[in-house]
Amino acid sequence: MIEIVCAFINAFLLTFLVIPAIIKASRTRGLLEEAVDHRIHTVPIPTFGGLGIFIGAFFSILLWTPYHYS
């Protein structure tokens with residue numbers, strides 16, 4: 001049970017730390033999605049936010065999944 005809690009905390013913290021760096025890099029390089037009339041957003045938004053979520057989940061699974069070698 002403690003492994004699940006640690007994996008969740010690890011994924012959350014990694015995602016929490018990576019997302020601002022991805023947003024900054026996206027804005028610096030101009031990787032933004034322009035706001036159009038039928039969208040909720042009114043200003044351009046970074047397009048790689050899902051990458052931060054993927055990185056957090058991937059490394060958390062990689063770190064906390066037990067490996068059994070036979």
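Read-outs throughout are calculated quantities, based only on the coordinates presented, and are distinct from any laboratory measurement. Fair warning: this is a prediction, and the values are worked out from it, not measured in the lab. Every residue, glycine among them, receives a Cβ derived from its backbone with ideal geometry; neighbour counts consider all protein chains shown.
What is the stretch 8-48 by shape, rounded, prolate or oblate, if you read a ≥ b ≥ c off the alpha carbon gyration tensor as root eigenvalues and call it rounded for a/c under 1.5, prolate for a/b larger than b/c, and oblate otherwise? It comes out oblate by the Cα gyration axes.
Helix-only estimate, please: 222 nm mean residue ellipticity of the chain, summing -39500 (n - 2.57) across DSSP H runs of length 4 or more and dividing by its residues, to the nearest 500. Spell out each step's value before the answer.
Values: 2 runs with 44 residues, N = 70.
After summing the helix terms and dividing by the residues of the chain, the value is -22000 deg cm²/dmol.
Angle check, please: helix 49-64 long axis (alpha carbons) against the longest principal axis of the chain (alpha carbons), in degrees 0 to 90, nearest 10. With rounding to tens, the tilt is 0 degrees.
Basic side chains Lys and Arg get +1 at the Cβ, acidic Asp and Glu get -1 at the Cβ, and with that the dipole of the chain about its Cα centre reaches some 200 debye.
Between the helical axis of 2-29 and the dominant principal axis of the chain, each derived from Cα atoms, what acute angle in degrees is found, rounded to the nearest 10? Relative to the chain, helix 2-29 is tipped by roughly 30 degrees. Loop-resident GluC sites (Glu not before Pro) (DSSP state other than H, G, I, E or B) in the chain with no more than 12 further Cβ atoms inside 10 Å of their Cβ: 34. Sparse packing (at most 14 other Cβ atoms within 10 Å of the Cβ) combined with a DSSP loop state is found for the following trypsin sites (Lys or Arg not before Pro) in the stretch 5-51: 39.
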